[in-house]
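Notes to accompany the following structure.
The values are calculated or read from the model by the stated rules, or taken from the named source; none is laboratory data. Worth saying up front: this structure is predicted, and the values here are computed from it rather than measured. As a convention, Cβ positions derive from the backbone with ideal geometry for all residues, glycine included, and neighbour counts pool all protein chains shown.
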Amino acid sequence: MDKTLNRFVAERLWAPEVAAYSFWRKRLIYLLRYIYVVLDDLAKGELTLRAMSLVYTTLLSMVPLLAVSFSVLKAFGMHNKQLEPIMLQFLAPMGDKGVEITEKIIGFIDNVKIGVLGTFGIALLFYTAISLIQKIEATFNHIWRLEQHRSIGRRVADYGSVMLIGPLLVFSAIGLSASVLSGGAVQQVSEQLPPIAILVSFLTAAAPYLMIICAFTFFYMFIPNTRVTLRAGLVAGVVSGVLFQSLGWGFGSVVVSASDSGTYAIYSGFAILILFMMWVYISWLILLVGSSVAFYVQHPEYVVPSRRSGDMSIRQQEDLALGIMTVLAQRYYEGRRPLSASEFVARLRVQIQGVTRVLRALRTAGLITENSEDPPRYLPNAPLEKVTVREVLEAVRKEGGDGIIRVRPRSEPGAVAEVRKSIDQAVNDALAEMSVKDMARVTVEEPERAPHADKVEQT
């Protein structure tokens with residue numbers, strides 16, 4: 001076991017005897033494993049570093065993003081003042097200073113006149129707004145171990161819909177829920193049936209929390225450049241919503257109450273900016289922690305005490321490449337639908353980084369190709385009866401470079417060259433006549449499926 005948060009705790013949580021525990025005790029251990037890996041990610045510092053980066057981007061992009069988003073609301077008769085309840089809800093932990101910041105932000109938005117900016121100004125405004133969402137996507141993709149980002153066309157379409165349609169849907173949902181809960185029919189029924197009145201009162205009090213959970217769930221399902229299941233997004237949304245409310249209460253009762261004295265007194269008028277940046281940092285960290293939770297819920301193969309980076313030895317990559325080509329060939333000759341990267345993960349029970357790395361190597365070598373679906377599925381790019389197993393292994397070995405880069409080129413020692421020549425000759429003699437089609441035929445029975453493979457595999 002390599003470096004981990006706490007070796008003693010990890011050995012207890014992942015001990016072999018856990019399999020013999022009772023049902024509920026085993027579930028508790030599984031929950032503690034999820035908490036452990038998330039805390040381990042936090043301790044490594046990557047999430048905190050990216051949260052700090054997002055704070056800086058937020059300060060630059062918040063007003064342009066809100067200005068672009070809520071400019072469309074004016075066409076529907078809405079005013080920027082209607083943004084005030086949402087901003088107050090987000091900045092509630094800052095108390096009176098939250099109200100002051102909300103008024104300043106709304107004032108900035110009111111002063112942005114998109115119609116007089118000109119073509120270059122509007123383009124710059126949109127770029128600044130899109131850059132924030134783009135940076136969020138890059139951070140989420142890092143958490144989800146994704147190397148492929150959205151294309152330019154998809155970014156324009158997806159981000160544009162979020163900035164223009166998103167606010168309209170949010171305000172419509174808020175207005176609809178408020179009108180339903182305060183409607184005459186509901187009030188009349190509540191007066192006649194006391195349980196209904198209790199339920200309406202509960203829903204009214206819970207509405208802000210439900211909105212926060214729905215907003216977090218939307219982020220977790222929309223932002224990553226992969227298909228996120230509703231279960232993973234909802235679990236992460238609930239966790240983030242609870243953390244947001246709990247830490248918000250703590251921030252408001254401890255930090256803000258002491259802002260007029262002690263350490264914050266030395267900042268004088270800048271204290272409000274410092275507190276705002278702290279709360280934005282905490283909010284981003286909550287969002288990223290929730291994204292990490294969603295990833296682990298959807299990919300339980302990563303819930304291990306260490307080695308979650310997806311690094312693989314050359315031999316492991318070779319075995320994975322052979323496994324991918326075998327499955328691909330079997331499905332091709334059976335006339336079944338090709339698999340995507342995530343479906344190879346479920347089928348072969350491996351981590352996503354290894355699959356994407358090997359697929360990239362096979363694609364670079366011209367052995368496979370992507371179709372036009374989103375996410376892409378993988379097909380053979382050459383007749384499989386002519387593609388040898390040796391070519392598959394060579395594709396993986398050549399991925400990342402052809403050799404060592406030296407400052408001063410010099411020849412290898414003769415013994416090394418002879419050993420390399422002997423190895424290549426032995427591999428060529430053993431595998432030169434064996435094609436991928438032959439390898440697929442050798443595997444008469446398909447490998448055992450992962451428990452969730454049938455859910456993602458469509459034939």
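Values computed for the structure shown
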quantity: Cβ-Cβ under 6 Å pairs, at least 6 apart or on other chains, segment 130-157 side at negative phi, far side basic (Lys, Arg) and assigned to a helix (DSSP H, G or I); calculated: 139/50
quantity: Qualifying residues in segment 223-233 (those that are at pLDDT 85 or above and surrounded by fewer than 19 Cβ atoms within 10 Å (Cβ to Cβ)) - the one nearest to residue 146 (Cα to Cα); calculated: 229
quantity: Residues that are at pLDDT 85 or above and within 17 Å of the chain's Cα centre (by Cα), drawn from segment 350-366; calculated: 356
quantity: The listed residue being crowded, with 17+ Cβ neighbours inside 10 Å and either assigned to a helix (DSSP H, G or I) or modelled with pLDDT of 80 or more (or both), out of 244, 218, 270; calculated: 244
quantity: Pairs where the first residue, in segment 198-215, is under 25 Å from residue 233 (Cβ atoms) and surrounded by 14 or more Cβ atoms within 10 Å (Cβ to Cβ) and the second is at pLDDT below 75 and β-branched (Val, Ile, Thr), C-beta under 9 Å, 6+ apart; calculated: 207/174; 211/86; 211/170; 211/174; 215/170
quantity: Set 151, 177, 190: member being among the small types (Gly, Ala, Ser), modelled with pLDDT under 85 and exposed (fewer than 15 other Cβ atoms within 10 Å of the Cβ); calculated: 151
quantity: Within segment 367-425, considering residues that are among the hydroxyl-bearing types (Ser, Thr, Tyr) and surrounded by fewer than 10 Cβ atoms within 10 Å (Cβ to Cβ), the one modelled with the highest pLDDT; calculated: 372
quantity: Some residue of segment 275-297 being in contact (Cβ under 8 Å) with a residue 40 or more places away in the chain, more than 20 Å from the chain's Cα centre (by Cα) and outside any helix (DSSP H, G or I); calculated: no
quantity: Boolean, residue 134 is at pLDDT 65 or above, assigned to a loop (DSSP other than H, G, I, E, B) and within 27 Å of the chain's Cα centre (by Cα); calculated: no
quantity: Test for residue 254: is it in a helix (DSSP H, G or I) and either at pLDDT 90 or above or buried (at least 19 other Cβ atoms within 10 Å of the Cβ) (or both); calculated: no
quantity: Qualifying residue in segment 25-38 (condition: among the basic types (Lys, Arg) and not in a helix (DSSP H, G or I)); calculated: no
quantity: Unmet criterion (only one of (1) crowded, with 16+ Cβ neighbours inside 10 Å; (2) farther than 30 Å from residue 90 by Cα; (3) touching an Asp or Glu at 6+ places or on another chain (Cβ under 9 Å)) for residue 307; calculated: (1)
quantity: Complete set of residues in segment 11-24 that are aliphatic (A, V, I, L, M) and part of a helix (DSSP H, G or I); calculated: 13, 18, 19, 20
quantity: Members of segment 43-64 found to be among the aliphatic types (A, V, I, L, M) and surrounded by fewer than 16 Cβ atoms within 10 Å (Cβ to Cβ), listed by number; calculated: 43, 49, 52, 59, 60
